[in-house]
Amino acid sequence: MLPSAVRPDCAVAVASGVHWIGALDPDLRSFDIILRTANGTSYNAYAVRGSAGVAIIDTVKASYAESFFRRLESVAGYDEITTIVLNHLEPDHSGALPELLRRAPAATLYVSHQARPMLKGLFDPAEFEHRIVAVGTGDTADLGDRQLEFINTPYLHWPDTQCTWLAATGTLFSGDFLGCHYCDPRLFNDAVGDFRFSFEYYYAHIMRPFRAHVREALDLIEPLPLRTIAPGHGPILRDDPRDYVRRYRALSAPSLHGADSKTLLVFYISAYGATRRMAEAVAAGAEQVGDVRVSLYDIEGSEPQPFVDLIEEADALLFGSPTINGDAVKPVWDLLSSLTMVDVKGKLGAAFGSYGWSGEAVPMIEDRLRRLKLRVPVAGVKARLEPTGDEFAACRELGRQTALHLLGRAEHRVVDMASLT
Ligand code: FEO
């Protein structure tokens, strides 16, 4: 049995006048269906006492509401609560919110401007309408001798997310940001087990698709004199909290050397070599343009993950697949399905491939790319069995035109009307 900072129905002191009143969920093995949680998770919520009232920051998943209320009651009465802050609306943080609003009738609820219209998904806003205040960066909630200051940090990982700063103790209540799914009753980062893998896994699956927003949030957080980061999940970071901020900075930073030039990646898989030769032609066409860094990869030779790392920093993605049984082949779909881990919106995409008798792979890949919000400005190229000279030329043109689009130098297509009849 691990030693524990957490006792049933008791709050845990985090800083002067700040208590953890959350819940532990050690048996959870997947979160939001897709995240693996080998060590369970915690739903962290906090009580902050000031001379003029008590603030509750975040709540817990609905099924843990009763233990949350008992912990809350160990440090505050409901009639003392003047302020409720919800840093993020997802149900793992808002599950006990409606009941908390009923039990603390004098409290005002502070949420981000983005969260305000989303509240109707949690409860009938009419019930609490007059008690809701939307806030942005620099707005405050007054607790008398101390203030909570709001920092708008959207898309970490929902549009509504924000952080809350308590300067009096140097505590940042960061919501999902800088958190992880790692349940340990010792609660603090200097006391729990080694949770580095959970921290990085959480970043990779929750924050990584929004890394531009991560960097914007870090710009706001790094200047703060941090003494403790109190996230919505996982250990409370009181020992060297800035180290975790530095880690997020490193994880979210571009890492490709010479990244000033545009980058174009050509992925292919080939049964008999025809799609490979098409890929080589596509890459050669792109290379002709100059000023674009072109890479060619046979996806038969790798798991998707290393390619996903490359894709995150690339500007154009071209996929070559044969058509087998009316479909693109599984390694291509495996790679395409991995792209939800990174932000690909607005990148350029294209498809090509050899086929035997139907050739569905190219339009299917193009459709998938569009649904992932890539732009597909150049029509794909299909070739029946071994490509002809004209089809290789079309492949080179596919690469060249895509590269030109990347550089903003795309040539206007001249349509021969006669060819349309
Ligand atoms: Fe912890 Fe996005 O909820």
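Can you tell me the FRET efficiency between ARG186 and ARG103 if r is taken as the Cβ-Cβ distance and R0 is 35 Å, rounded to the nearest 0.05?
0.75
What is the percent carbon and sulfur in the accessible area of the chain, measuring with a 1.4 Å probe over the protein chains and ignoring ligands?
52 percent
Where q = 0.08, 0.14 Å⁻¹, what log10 of I(q)/I(0) comes from the Debye formula for the chain, counting one point per Cα?
Log-scaled intensity ratios, in q order: -0.55, -1.10.
At a Förster distance of 35 Å, what's the computed FRET efficiency of ASP367 paired with ARG249, Cβ-Cβ distance as r, to 0.05?
The pair ASP367/ARG249 has a calculated efficiency of 0.45.
Under 15 Å from the Cβ of PRO125, count the other residues' Cβ atoms, weight Lys and Arg +1, Asp and Glu -1, and hand me the total.
0
Please give the length that would be gained between SER295 and ALA52 if that part of the chain were fully extended, namely 0.36 nm times their separation in residues minus their C-alpha to C-alpha distance (nm, one decimal).
So the chain would gain 81.3 nm between SER295 and ALA52.
For SER4, SER338, what's the largest-to-smallest order of accessible area, 1.4 Å probe?
Result of the area sort, largest leading: SER4, SER338.
With each label point set 7 Å from Cα along the Cα-Cβ vector, what nm distance links PHE197 and SER358?
Taking the simple label geometry, PHE197 and SER358 are separated by 4.2 nm.
Which of the three applies to the stretch 12-252, rounded, prolate or oblate, going by the alpha-carbon gyration tensor with a ≥ b ≥ c and a/c under 1.5 meaning rounded?
rounded
Just reorder LEU369, LEU385 by solvent-accessible area, largest first, 1.4 Å probe, all chains present.
Greatest to least solvent exposure: LEU385, LEU369.
Can you list the DSSP H helices in the chain whose Cα atoms extend at least 30 Å along the helix axis and whose mean Kyte-Doolittle hydropathy is 1.0 or higher?
Span-like helices here: none at all.
Just list whichever of LYS61/LYS373; LYS120/LYS345; LYS262/LYS330; LYS330/LYS373; LYS262/LYS382 have alpha carbons separated by over 24 Å in the model shown.
LYS61/LYS373; LYS120/LYS345; LYS262/LYS330; LYS262/LYS382
Give, as a single signed number, the net charge of other residues whose beta carbon lies under 11 Å from the beta carbon of ASP291, with Lys and Arg counted +1 and Asp and Glu -1.
Summing Lys/Arg as +1 and Asp/Glu as -1 gives +1.
R0 = 51 Å: FRET efficiency of ASP142 with ALA271, Cβ-based, nearest 0.05?
So, using R0 = 51 Å, E works out to roughly 0.15.
With the crude spin-label approximation of a point 7 Å out along Cα→Cβ, what separation in nm comes out for ALA410 versus ALA13?
Between ALA410 and ALA13, the simple spin-label model gives 6.3 nm.
Tell me which aspartates and glutamates have Cα within less than 12 Å of LYS347's Cα, excluding those fewer than 8 residues away on the same chain?
In chain and number order, the partners are GLU312, GLU313, ASP315.
When ranked by the protection proxy of mean other Cβ atoms within 10 Å per residue, highest first, what sequence do the peptides 163-175, 264-276 form?
163-175, 264-276
Within the set of other residues whose C-beta is less than 13 Å from the C-beta of ARG375, count the net charge using Lys and Arg as +1 and Asp and Glu as -1.
Value of the local net charge: +3.
The values are calculated or read from the model by the stated rules, or taken from the named source; none is laboratory data. This structure is a prediction, so every number in the text was calculated from the model and none was measured. Here the Cβ is made from the backbone with ideal geometry for all residues, glycine too, and neighbour counts use every protein chain on show. Just so you know, the surface numbers come from the protein's heavy atoms only, side chains and all, with ligands and any DNA or RNA stripped out. Shrake-Rupley method; radii C 1.70, N 1.55, O 1.52, S 1.80 Å.
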